[in-house]
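The values are calculated or read from the model by the stated rules, or taken from the named source; none is laboratory data. In this text the structure is predicted, and so the values were computed from the model without any measurement. Here the Cβ is made from the backbone with ideal geometry for all residues, glycine too, and neighbour counts use every protein chain on show.
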Amino acid sequence: MKIFPAIDISEGKCIRLTKGLIDNKSIYASSPIEMAKEYKKEGFENIHLVDIDSTLSRGSNYEVIKEIRKKVDLHLQVAGGIRDEKSIKQKIIDGFDRLVIGTLAINDPAFIENFNEEEVYKISIALDLKDGLLASHGWKQTNSKSLEEITNIYNLKNIHSYFVTDISKDGMLSGLNFETFKKLKSLSAKPVTIGGGVKNMEDIIKANSNNYGGVVIGKAIYENHINLKDLSEYQKKC
């Protein structure tokens, strides 16, 4: 299982949202670039980068994200507002290892046909769940499509994985919603990365023991609910 410390970026700063609401955010002192360097120093191999402003259609932090790519030699998974072919192509050219795509993937599955097999394998389909429904457009809209409908499409494609977040728990430090994640895991043999509400190391251990492909941790690190050294040491065992 891969462990992804998360860096959520808004207005060039490290932040964490609660339940996906921009009006309910915490701002942290470390810059995104320094935070990424810290993760590398602690021995992590993967980072999950989210452009919150792009997700919410209120700006872009892509220049900061590109700087992280240039200065930090780690596996970088990038998410947030990737909603057209040009944006996908550019991030592939700029050397990002994995692209997490939600709104576009749910609303226009045919987009995948515009990419070759190697490019498609860089894609992880984001399934953001809000009150049991698929959410898109910065978590502000819900979609009538079911998990089954979406996975039936992408299971036949060369995508790398699914990335599932329970928005109702995101930033709440209340523990991962394994019942929700279990349902998706039963629908696909592809790796499933999970996130939203990681509380402590018990969540990480449980995710690993249940054979999830990855887990994303944000606020639990920033709020010192999880010690970075402990997390890094555990990663070596996964």
Query raised in the report: Give me the pairs: first residue in the stretch 52-79 and at positive phi, second residue modelled with pLDDT under 95, beta-carbon distance under 8 Å, and six or more apart or on different chains, which are they?
Result: Ser57/Gly81; Ser57/His137; Ser57/Gly138; Gly59/Glu11; Gly59/Asp53
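Hey, does the stretch 54-67 have a residue that's β-branched (Val, Ile, Thr), surrounded by fewer than 17 Cβ atoms within 10 Å (Cβ to Cβ) and either farther than 16 Å from Ala105 by Cβ or touching a Ser or Thr at 6+ places or on another chain (Cβ under 6 Å) (or both)? Give the steps one after another, and end with the answer.
Just the residues of the stretch 54-67 that are β-branched (Val, Ile, Thr), to begin with: 55, 64-65.
In the following step, the residues that additionally are surrounded by fewer than 17 Cβ atoms within 10 Å (Cβ to Cβ) were identified as none.
No, there is no match, as no residue in the stretch 54-67 is β-branched (Val, Ile, Thr), surrounded by fewer than 17 Cβ atoms within 10 Å (Cβ to Cβ) and either farther than 16 Å from Ala105 by Cβ or touching a Ser or Thr at 6+ places or on another chain (Cβ under 6 Å) (or both).
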Report summary line: Picked from the stretch 162-179 (must be within 19 Å of Asn211 (Cβ to Cβ) and among the acidic types (Asp, Glu)), the residue modelled with the lowest pLDDT is Asp166
Query - Close pairs (6 angstrom Cβ cut-off, 6 or more residues apart or separate chains): farther than 16 Å from Asn155 by Cα and touching a residue at least 12 places away in the same chain (Cβ under 8 Å) in the stretch 88-116, aromatic (Phe, Trp, Tyr) and in a helix (DSSP H, G or I) anywhere - result: Leu104/Phe111
Query raised in the report: Among the residues of the stretch 134-154 satisfying the criterion of being modelled with pLDDT of 70 or more and in contact with a Lys or Arg (Cβ under 7 Å, 6 or more places away or on another chain), which is surrounded by the most Cβ atoms within 10 Å (Cβ to Cβ)?
Result: Leu134
Report summary line: Counting only helices (runs of 4 or more DSSP H) wholly inside the stretch 44-130, the ones holding at least 3 residues that are among the hydrophobic types (A, V, I, L, M, F, W, C) and either closer than 26 Å to Leu184 by Cβ or modelled with pLDDT under 95 (or both) are 103-107
Query raised in the report: Within the bounds of the stretch 180-190, is there any residue that is of a type in the set (S, T, N, Q), closer than 25 Å to Ser30 by Cα and at pLDDT below 95?
Result: no
